[in-house]
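Undergrad: Would you mind keeping the following structure in view while I ask a few things?
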Ligand SMILES: C[S@@+](CC[C@H](N)C(=O)[O-])C[C@H]1O[C@@H](n2cnc3c(N)ncnc32)[C@H](O)[C@@H]1O
């Protein structure tokens, strides 16, 4: 095959339209294809089946329940073209990118989430705009949401360590604890503390219990599977009966409709010891792609959800009877902010 560029074809291409837009459309298309191929390789079970052991197409069909082996082999050739697997019909094995997806849960969760409900938002936007239905992602995708949020943990971790070093807590509450990474991080940084995680999602609560177990912290913390609004609706009992020195609301506040935020913040403030701290971490509403996307995703849900901006969060914390500090940006150039507020 000749590698020479045909100059006439190139001139035609340049003259025919906006070259930059054409180039970008192709690149975006390729990226979208790759995202969906990886998501499908996870969804069909192909990557997990190959993680167990290399296999030929027929054996892979048996492992994944596929009945059309020709189609499966065509799909495997696609996965090979994006570097997930290598080999041929006699023996497929995971390639480097495939090993990274099955070996790192944050990579897996990102492909599941972005290849799934995050982009399904746009494919299914028309009926949402027409008022025909609303999404229920928190109820249906709770576990993936909690696993994807782990991507923020590294940025929140430093702040938490600084907070507990300044004023070591005895009891810590993590509202919407997700996979429990922050709760575990706080307990490791404050060896004298005990903790309670609360999460409404059964899958997330199970992940949090596993995190605490795997990090040897199960004896110092419990995880309650409950909607925090229910748990704090009356007189808090059980694990929430004793006051807390530090409460964390990380990437949770936007799952409450705005009118419910001050009552929740007030209820959490009521659980704090005098001088205790509530730390709120959230993606803020700013003109940046991920922020605008998450805000739309929230607005497309059942309930009146939306991202907060930094100013309204500070006002809500004040209204809840707390003394908030200035919001801090956790990642330069990204919309993740933290606001510490004391009782
Ligand atoms: C984006 S995840 C964040 C998880 C964790 N805090 C983190 O930052 O990694 C939001 C979590 O809040 C939980 N959540 C949302 N609304 C809740 C509510 N009303 N009560 C308890 N948990 C809630 C979700 O189930 C989910 O696990």
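The values are calculated or read from the model by the stated rules, or taken from the named source; none is laboratory data. For clarity, every value in this text was computed on a predicted model and none was experimentally measured. As a convention, Cβ positions derive from the backbone with ideal geometry for all residues, glycine included, and neighbour counts pool all protein chains shown.
Undergrad: Checking the structure you have, find out if any residue of the stretch 169-188 is more than 13 Å from the ligand (Cβ to nearest atom) and exposed (fewer than 14 other Cβ atoms within 10 Å of the Cβ).
TA: no
Undergrad: Taking the residues in the stretch 194-208 that are surrounded by fewer than 20 Cβ atoms within 10 Å (Cβ to Cβ) and within 15 Å of the ligand (Cβ to nearest atom) as candidates, determine which candidate is nearest to residue 141 (Cα to Cα).
TA: So, considering only residues that are surrounded by fewer than 20 Cβ atoms within 10 Å (Cβ to Cβ) and within 15 Å of the ligand (Cβ to nearest atom), the one nearest to residue 141 (Cα to Cα) is 203.
Undergrad: Taking the stretch 209-227 as the search range and keeping residues that are touching a helix residue (DSSP H, G or I) at 6+ places or on another chain (Cβ under 8 Å) and closer than 17 Å to residue 145 by Cα, which one is surrounded by the fewest Cβ atoms within 10 Å (Cβ to Cβ)?
TA: Only one residue fits best here, namely 225.
Undergrad: Among the residues of the stretch 223-242, are any in the same structural domain as residue 163 (by TED's automatic domain parsing), in a strand (DSSP E or B), free of Cβ contacts under 8 Å to residues at least 40 places away in the same chain and within 14 Å of the ligand (Cβ to nearest atom)?
TA: Yes, the stretch 223-242 contains at least one residue that is in the same structural domain as residue 163 (by TED's automatic domain parsing), in a strand (DSSP E or B), free of Cβ contacts under 8 Å to residues at least 40 places away in the same chain and within 14 Å of the ligand (Cβ to nearest atom).
Undergrad: Which condition number in (1) within 13 Å of the ligand (Cβ to nearest atom); (2) exposed (fewer than 14 other Cβ atoms within 10 Å of the Cβ); (3) under 20 Å from residue 160 (Cβ atoms) is the one that residue 251 fails?
TA: For residue 251, the failing item is (2).
The rows are residues; the columns are (1) free of Cβ contacts under 8 Å to residues at least 40 places away in the same chain; (2) on the phi < 0 side of the Ramachandran plot; (3) surrounded by 16 or more Cβ atoms within 10 Å (Cβ to Cβ).
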residue: 62; (1), (2), (3): yes, yes, no
residue: 65; (1), (2), (3): yes, no, no
residue: 68; (1), (2), (3): yes, yes, no
residue: 89; (1), (2), (3): yes, yes, no
residue: 92; (1), (2), (3): no, yes, yes
residue: 96; (1), (2), (3): yes, yes, no
residue: 105; (1), (2), (3): no, yes, no
residue: 109; (1), (2), (3): no, yes, yes
residue: 112; (1), (2), (3): no, yes, yes
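Undergrad: Would you check which residues across the stretch 91-124 are assigned to a loop (DSSP other than H, G, I, E, B) and in contact with a helix residue (DSSP H, G or I) (Cβ under 8 Å, 6 or more places away or on another chain) and list them?
TA: 95, 116
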